[in-house]
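In what follows, a structure is listed as structure tokens, so that the remarks can point back to it.
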Number of protein chains: 2
Amino acid sequence: MMSKKAIVLLSGGLDSATTLFDSQAKGYQTFCLIFDYGQRHAKEILQAKKLARYAKSEYRVVKISLPWGGSALLDKRIALPKNRKDIAHKQNIPVTYVAARNLIFLSFAASYAETVGANAIFIGANAVDYSGYPDCRPEFYQAFQLAMKRGLKTGVGGRPIKIYMPLIHKTKGGIIRLGRKLKVPYQLTWSCYAGGKKPCGVCDSCLIRARGFKEAGVIDRP
Amino acid sequence: MMSKKAIVLLSGGLDSATTLFDSQAKGYQTFCLIFDYGQRHAKEILQAKKLARYAKSEYRVVKISLPWGGSALLDKRIALPKNRKDIAHKQNIPVTYVAARNLIFLSFAASYAETVGANAIFIGANAVDYSGYPDCRPEFYQAFQLAMKRGLKTGVGGRPIKIYMPLIHKTKGGIIRLGRKLKVPYQLTWSCYAGGKKPCGVCDSCLIRARGFKEAGVIDRP
């Protein structure tokens, strides 16, 4: 009997895949939320759907248009950084930053949560490898949780919705070690920003993934 | 010379129209944000565009799908309330409530603001006639403002984005009196929830509008 329900933000990457399996291991019935926001790497949407089906989870795909552009993830005229050695430096906000992306994602998650009666949102946010995105920091999530408590029907009447970030203090290697225990099918995950048929191997996301598998002592099989 | 920029959430209704003209009177260069979220009353989108053009404002239309439904504004199987006498009672959340709607709207506004370099968001929220929506209350906006401050590039580096609600403590009559001073073209606004060619005259929104014009002593000319 399952009574705990959770929305899981699922991108198709390895962090959110691990988060999905972690939330299920904690006894939640999951509802995956997948975003199609015109990202270069549309392949991650395909992989996210495969992951949700593999995990026998309900899922919804939300299509978002941001008619003001401005990120290298959306705009092919902006070059993606390659082979950066400073990906660990968190002071600089990268060109792959999408304005207010996590605000938008969480708002849809709140709407989905309220509609299905979930009072948990799981997100694979990570403070170690977050690559300089301000909306990946715990203090941002705390403020958003308060906004949900005050702005939603659920928050006013029933139990407020909580945001869970099981990976927040883990290294990429630690995430992969957790995922191995949870039997996450990493062969279904997708990290590359570039949007080719195979991972490019040189974008920030590919570099972080490779470093993580190396740290965990695990081979990344396609 | 205009240097202050503001995003204005523009629905096509009279509150947001008044807010648009109020923000321009305060010296802001405006960027209107119009949402197409499958509402019954698609006519309001058309009117919102007309209002933005009339005000010589830039605007963007964002199309949103909420694939979980659940509101009378989106789902034609749910009956709209008619001729309710208790529209002033704020304890009950009406069936026209769209889960997390203002959270979603504000998140897109934050993204637009950050992209064009605006540090103000104007919204026609109103605590007097808000008909029981929890996400129309000032304490919700305060929490959201904090989330933006913590989660956005602008908030981290530059001046944080502020939310302005010039109508928050006004009655509908007071809003219309202000709008008359600002020369708001109310004949272009649309309030009815029902989505016909003419206002139905019996939904909550039509009733509130009629009461407001009566209170202001102004004739509502189509």
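Counting Cβ atoms of other protein chains within 10 Å of each Cβ in A:134-144 and taking the mean gives 6. Shielding of peptide B:113-125 by partners, expressed as the average count of other chain Cβ atoms within 10 Å per residue Cβ, is 2. With a threshold of 28 Å on the Cα-Cα distance, the over-threshold entries among A:LYS162/B:LYS4; A:LYS183/A:LYS214; A:LYS26/A:LYS198 are A:LYS162/B:LYS4; A:LYS26/A:LYS198.
As a rough footprinting exposure proxy, the listed residues A:GLU114, A:GLU215 were ranked by other beta carbons within 10 Å of their own, and the order from fewest upward is A:GLU215, A:GLU114. In this structure the amide hydrogen of B:CYS32, modeled in the peptide plane, comes within under 5 Å of the amide hydrogens of B:VAL8, B:GLU58, B:TYR59, B:ARG60, none closer than 5 places in sequence on its chain. Loop-located trypsin sites (Lys or Arg not before Pro) in the range A:162-222 (DSSP state other than H, G, I, E, B) with a sparse environment of at most 13 neighbouring Cβ atoms within 10 Å: A:LYS183, A:LYS197. By the count of other C-beta atoms within 10 Å, a proxy for reagent exposure, B:LEU20, A:LEU106, A:LEU188, B:LEU182 are ordered fewest to most as B:LEU182, A:LEU188, B:LEU20, A:LEU106. The string of couplings for the range A:115-126 from the Karplus curve (6.51, -1.76, 1.60, θ = phi - 60°) is 6, 8, x, 8, 10, 9, 10, 9, 9, x, 5, 8 Hz, one whole number per residue in order, with x for Gly and Pro. Take each residue in A:54-62, count the other chain C-beta atoms within 10 Å of its C-beta, and the mean is 1. Closest approach of a chain B beta carbon to the axis mapping chain B onto chain A (residue, whole Å): B:SER107, 2.
Between B:ALA120 and B:ILE7, B:LYS162, the built amide H atoms are under 5 Å apart, and every one of these is 5 or more places off in sequence or on another chain. Exposure proxy for A:ASP22, A:ASP220: other Cβ atoms within 10 Å of each Cβ, ordered fewest to most, give A:ASP220, A:ASP22. Report the percentage of all Cα-Cα pairs in the range B:111-222 whose separation exceeds 16 Å, rounded to a whole percent. Distances greater than 16 Å cover 67 percent of the Cα pairs.
Quick note: the coordinates plus some simple rules give every number you see, no bench work behind them. Since the structure is predicted, the reported quantities are computational estimates derived from the model, not experimental observations. No Cβ is skipped: glycine too gets one built from the backbone with ideal geometry, and neighbour counts run over all protein chains shown.
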